[in-house]
Amino acid sequence: MSEASPTLEKIVSLAKRRGFVFPTSDIYGGLANSYDYGPMGTELLKNIRDLWWKYFITTRPDMVGLQSQILQHPQTWVASGHVEAFHDPLIEDKVTHKRYRVDHIIETWLSQNTTVLNLEMIVVENMSLKEMAAFITKHKIKSPDGNELSEPKQFSLLFETQIGSVAGEKSTVYMRGETAQGIFTNFKNVLDSTRVQLPFGIGNIGTSFRNEVTTGQFVFRTLEFELAEIEYFFDPEKEDWKKIMTQWKNEMWQFATKTLGIQENNLKWRQHTDKERSHYSLDTWDLDYKYPFGYKELWGLAYRTDFDLKQHQKHSGQNLEYIDPQTQKKFLPHVIEPAVGVARLFLMILCDAYWEDKKNNRTVLKLKPSLAPYKAAVFPLAKNKPELVEKARKIFDELSKKYHVAWDERSSIGKRYLYQDEIGTPYCITVDYETLEDGTVTIRDRDTTEQIRLPMTELADYLRNRVK
Ligand code: GAP
């Protein structure tokens with residue numbers, strides 16, 4: 001779609017200017033790594049979520065959905081290993097006391113010292129905490145403010161909170177760091193209450209929390225974010241896990257490129273190294289997108305084996321085994337997990353669709369119509385002409401029964417077009433004086449700016465196949 005990748009500043013500016021994303025608590029100066037979604041952003045998020053749910057859950061016979069809670073029994077996070085191993089390596093500026101991810105500090109330093117990168121072929125993902133500490137000392141790396149840095153340490157990403165208001169009766173719980181655990185803890189309930197048979201998957205979308213310190217990546221990395229996860233369960237004796245991984249890789253690629261319309265050359269796969277892989281995984285792949293700050297993880301795909309079910313079985317004392325209906329074999333299924341942050345899809349979509357149309361001096365979001373907040377906009381040519389407003393209103397009322405349609409009667413038609421282009425509305429429909437004579441309206445195409453005249457009665461047909 002767009003020729004050159006836009007800068008993050010341009011995306012942030014458009015997102016605020018047109019009501020996609022606002023800094024959280026903006027009037028109080030904001031809250032680090034936190035963003036609210038405005039009227040357009042809320043629609044775009046909903047469209048992404050709905051398309052994900054349709055593609056991965058409701059159009060597949062082997063999938064069911066689930067909605068688990070943010071707060072769960074604290075043992076969940078002990079069993080899953082998050083209490084012990086869900087850490088980020090952090091380092092502190094000794095003067096300002098600001099904290100940074102050590103790997104990010106080293107990556108930034110390497111990008112500014114490329115000769116060292118060529119000589120030593122450093123792969124930061126492969127470095128242990130000790131190796132990172134030694135690297136910082138060896139190269140005398142300073143904080144972004146130019147100050148000495150502390151010894152790096154591991155910090156938990158889990159947010160803690162308390163249940164109960166009376167002193168002494170409080171108990172610590174965690175705000176979920178992933179939605180996956182709600183799937184594992186409900187595995188038996190789903191087996192017992194539905195007709196599922198292996199292989200099958202359970203999808204879960206919901207807000208998750210991580211105590212992130214890295215700033216400046218907009219909605220890419222936030223404290224609170226919506227996670228869309230699938231656990232796909234299978235019998236490892238019957239199915240080849242590598243084949244299932246490949247199938248999921250294809251599904252993720254198809255969803256990104258065909259359903260969301262992302263340019264293929266902005267996406268690539270990357271396999272995790274042994275040191276980088278999470279404690280629960282035997283093999284992990286990231287689908288990376290070329291964000292304005294480089295190729296970064298959009299979507300993770302991990303082979304979690306039976307690690308989680310085994311852990312929950314052990315910690316809960318409950319039998320979580322699956323019984324094969326044919327052979328009566330009892331076992332813990334293995335699982336493959338595609339996990340994506342909805343906001344990472346959102347940011348990718350904004351970056352990919354952003355287009356500066358120099359010829360027509362405008363900025364356009366070339367969103368796929370299925371993603372656009374509004375599928376069409378309806379304008380009366382002039383707001384002080386009741387006969388035009390009335391006709392346009394009729395069109396709006398009719399179309400809005402089927403689609404989300406915008407109404408705009410403010411300022412010139414040219415300005416209205418520019419606004420709709422920036423929020424990605426594929427079609428603008430104008431009711432003018434000719435409409436009163438022959439019942440036709442103009443319909444303008446967002447991407448080409450071409451306008452045609454169409455009888456009002458044909459509008460619904462015209463849009464039907466174009467804005468699905
Ligand atoms: N259950 C596996 C899991 O949570 P992860 O790689 O830690 O794996 C999954 O996270 C996905 O969640 C990532 O691929 C990314 O899309 C998204 N994600 C992770 N941390 C995030 C954050 N702080 N803000 C926004 N999205 C995030």
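The values are calculated or read from the model by the stated rules, or taken from the named source; none is laboratory data. Just so it is clear, the model here is predicted, and its values are computed rather than measured. No Cβ is skipped: glycine too gets one built from the backbone with ideal geometry, and neighbour counts run over all protein chains shown. These area figures cover heavy atoms from the full protein model, side chains too; ligands, DNA and RNA do not enter into them. Shrake-Rupley method; radii C 1.70, N 1.55, O 1.52, S 1.80 Å.
Listing for the model above:
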| item | result |
| --- | --- |
| Angle between the chain longest axis and helix 129-138 axis [Cα atoms, degrees, rounded to 10] | 80 degrees |
| Candidate lysines for bridging to residue 366, where Cα separation is under 16 Å - those fewer than 8 sequence places away on the same chain excluded | 10, 258, 358, 375, 468 |
| Rounded to 10°, Cα long-axis angle of helix 342-353 versus longest principal axis of the chain | 50 degrees |
| Quotient of C-alpha Rg and 2.2 N^0.38 Å, computed over segment 60-153 | 1.52 |
| Share, in percent, of DSSP beta bridges within segment 374-464 that are antiparallel, nearest 5 | 55 percent |
| Using θ = phi - 60° and Karplus 6.51 cos²θ - 1.76 cosθ + 1.60, couplings along segment 279-284 (whole Hz; Gly, Pro as x) | 4, 9, 10, 9, 7, 9 |
| Span from the segment 204-252 Cα centroid across to the segment 393-412 one, whole angstrom | 38 Å |
| Mean residue ellipticity (222 nm) of the chain, computed from DSSP H runs ≥ 4 via -39,500 (n - 2.57), nearest 500 | -9000 deg cm²/dmol |
| Rounded tilt (10° steps) of 102-112 against the dominant C-alpha axis of the chain | 60 degrees |
| Rounded Å value of the spacing that divides the Cα centres of segment 328-349 and segment 19-50 | 25 Å |
| For segment 84-112 and segment 439-468, distance of Cα centres in Å | 53 Å |
| Viscosity 0.692 mPa s, 37 °C: Kirkwood-radius Stokes-Einstein D of segment 256-359 over Cα pairs, µm²/s | 199 µm²/s |
| The chain - percent of accessible surface contributed by carbon and sulfur, probe 1.4 Å | 50 percent |
| The chain - Rg over Rh from alpha carbon coordinates, Kirkwood radius | 1.02 |
| Counting all C-alpha pairs of segment 343-468, share separated by more than 21 Å (%) | 37 percent |
| Set of lysines near residue 238 by C-alpha distance (under 27 Å), chain-local residues within fewer than 8 positions excluded | 188, 249, 310, 314, 329, 330 |
| Heavy-atom surface of the chain, accessible at 1.4 Å and reported per residue (Å²) | 49 Å² |
| Among 353, 460, 325 the positive-end extreme of the charge dipole of segment 309-468 (Cβ point charges) | 325 |
| Considering only the chain, percent of DSSP beta bridges that pair antiparallel, nearest 5 | 85 percent |
| Residue-wise HN-Hα coupling along segment 235-252, computed from phi with Karplus coefficients 6.51, -1.76, 1.60 (Hz; x: Gly, Pro) | 8, x, 7, 9, 10, 8, 4, 5, 5, 5, 4, 5, 4, 5, 4, 5, 4, 5 |
| Sequence-distant residues sharing a close amide H with residue 36 (under 5 Å, placed H) | 22, 24 |
